[in-house]
1. In segment 32-49, which residues are surrounded by fewer than 21 Cβ atoms within 10 Å (Cβ to Cβ), more than 11 Å from the chain's Cα centre (by Cα) and either in the same structural domain as residue 193 (by TED's automatic domain parsing) or modelled with pLDDT under 95 (or both)?
2. For the list (1) crowded, with 18+ Cβ neighbours inside 10 Å; (2) under 22 Å from residue 327 (Cα atoms), I need the number of the one condition that residue 185 fails.
3. Give segment 245-267 a look and list any residue that's assigned to a helix (DSSP H, G or I) and surrounded by 15 or more Cβ atoms within 10 Å (Cβ to Cβ), or say none.
4. Considering segment 190-240 alone, what residues qualify as being charged (D, E, K, R) and part of a strand (DSSP E or B)?
5. What's the number of the condition residue 235 fails, among (1) surrounded by fewer than 20 Cβ atoms within 10 Å (Cβ to Cβ); (2) farther than 16 Å from residue 97 by Cα; (3) not assigned by TED's automatic domain parsing to the domain that holds residue 137?
6. Taking only segment 60-92 into account, find how many residues are of a type outside the set (D, E, K, R) and either free of Cβ contacts under 8 Å to residues at least 24 places away in the same chain or not in a helix (DSSP H, G or I) (or both).
7. Suppose the filter is outside the structural domain of residue 234 (by TED's automatic domain parsing), in contact (Cβ under 8 Å) with a residue 12 or more places away in the chain and either touching a Ser or Thr at 6+ places or on another chain (Cβ under 8 Å) or within 23 Å of residue 80 (Cα to Cα) (or both); does residue 124 pass it?
8. Please find, among 124, 63, 108, 139, the residue that is closer than 25 Å to residue 329 by Cα and not β-branched (Val, Ile, Thr).
Amino acid sequence: MTNRRQFFQTAAGIAILGSTTYGQAWAQSGLPIEQVKVLYGFPPGSAGDICARRVAEKFAGTPYTKNQGVIDSRPGAGGQIALNLLKGAAADGSILAMTPFSAISLYPHIFKKLQYKPFEDFTPVGTSSMIHHGLAVGPIVPVSVKNVRDFVAWAKANPAQSSYGSPAAGSTPHFIGALLGLNQNFEFKHVPYRGSVPGVTDVVGGQIACMFTPHGDFIANHKAGKMRILATSGKTRSPFVPDVPTFAEQGFPELTVEEWFGFYAPAKTPANVIQAANAAVNAALNDKGVLDAFTVVGLIPFGGSPADQLKSSQLEFERWGPLIKQIGFSVDSITAADSFEHLVGARTIRTHARRLRWLAPSAATPYGNLAPFTRPGRFSRAHPALVASCNGNVNSLAKHAPCPNPALRPWPTGQSCQ
């Protein structure tokens with residue numbers, strides 16, 4: 001785990017490098033590059049994916065690259081897969097990654113076995129957009145729930161349904177939900193997904209009560225009446241859903257978060273290449289087509305220099321360290337959980353487990369034997385949210401979805417998953 005001293009030593013080194021070498025001529029490294037590939041660690045269709053695609057398209061014809069950038073989606077492990085690939089990439093500017101700041105500033109507090117060193121293996125290129133996260137509820141939550149305080153009261157009164165999704169374990173939305181449950185003193189079970197899209201689908205489909213994620217991923221369903229956004233996490237109201245109050249307005253200022261997406265290059269990428277890439281990103285943020293695409297998914301353009309990006313990641317590193325300690329979340333590795341595509345929700349558990357032939361559903365145990373997921377020392381450590389959703393009893397899975405066999409409703413009691 002990155003400690004405080006290592007963080008600031010590395011940060012200072014990057015800042016000095018940036019201040020002394022960015023003025024070199026771009027042509028010294030053979031710019032422009034033929035084509036740039038941008039790694040993105042979450043599924044296509046999310047707000048971040050759209051940001052990466054629209055910005056990369058505008059790289060064409062700049063001093064940085066001749067052609068449009070192409071997106072290489074590598075979802076999984078909360079964005080770690082993409083960053084692991086960036087770590088081993090050539091340091092010539094031909095491969096970048098775009099990631100939310102959580103993978104840089106939060107993960108060092110969470111993962112003891114993080115396969116990359118965020119402040120040693122990567123060089124900041126520049127931020128691209130800012131997102132406000134949101135809390136949105138689906139059909140499980142009654143329409144009488146109008147705001148966050150209403151939701152907290154409902155969750156306390158309905159603990160069997162009190163679960164929330166996030167785009168990844170260890171992501172910023174995960175911790176916003178965890179802080180809400182912790183500070184309001186109610187059990188709020190976390191269900192991590194591989195990105196926002198599958199989680200939003202499950203909320204709309206009634207598989208889970210609510211989700212915390214970039215609020216842009218809710219807007220279409222919110223306007224269609226399929227979801228209800230109860231709050232957003234910005235310092236001010238979102239310009240895209242101005243009728244929705246912030247968490248702070250509703251008495252929850254500790255949930256104020258404005259997360260940004262930033263581009264990174266491998267460490268030791270020449271400074272003049274970084275400067276060219278930064279200029280290309282900032283130029284794209286002035287393009288009307290890019291801004292229009294951002295509006296659709298709730299993204300706020302947020303450019304700046306590599307030094308700005310480094311300073312912001314430093315501040316977030318400082319802020320979230322004690323909060324994560326307060327929450328008590330730490331994961332040695334999410335490799336096992338990721339290999340099952342973050343098994344979450346009753347429907348997802350059935351789908352993946354049957355594919356792997358690990359469950360044998362029967363009349364007595366409609367979800368089959370869940371021991372492979374909960375046995376101590378195996379997947380229980382890598383996926384605590386799944387253990388929390390089961391609690392050693394098949395009956396408790398009814399907290400997430402009805403029994404799939406109508407003949408067995410209500411759920412039989414006392415069915416052990418051990």
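1. Those that are surrounded by fewer than 21 Cβ atoms within 10 Å (Cβ to Cβ), more than 11 Å from the chain's Cα centre (by Cα) and either in the same structural domain as residue 193 (by TED's automatic domain parsing) or modelled with pLDDT under 95 (or both): 44, 45.
2. Unmet condition: (1).
3. 255 - this is the single residue of segment 245-267 that is assigned to a helix (DSSP H, G or I) and surrounded by 15 or more Cβ atoms within 10 Å (Cβ to Cβ).
4. Selection gives 228 alone.
5. For residue 235, the exception is condition (3).
6. 18
7. The answer is yes for residue 124.
8. None of the others qualify; the one that does is 108.
The values are calculated or read from the model by the stated rules, or taken from the named source; none is laboratory data. Values in this document were obtained by computation on a predicted structure and should not be read as measured data. Reconstructed Cβ throughout: ideal geometry from the backbone, glycine too, with neighbour counts over all protein chains shown.
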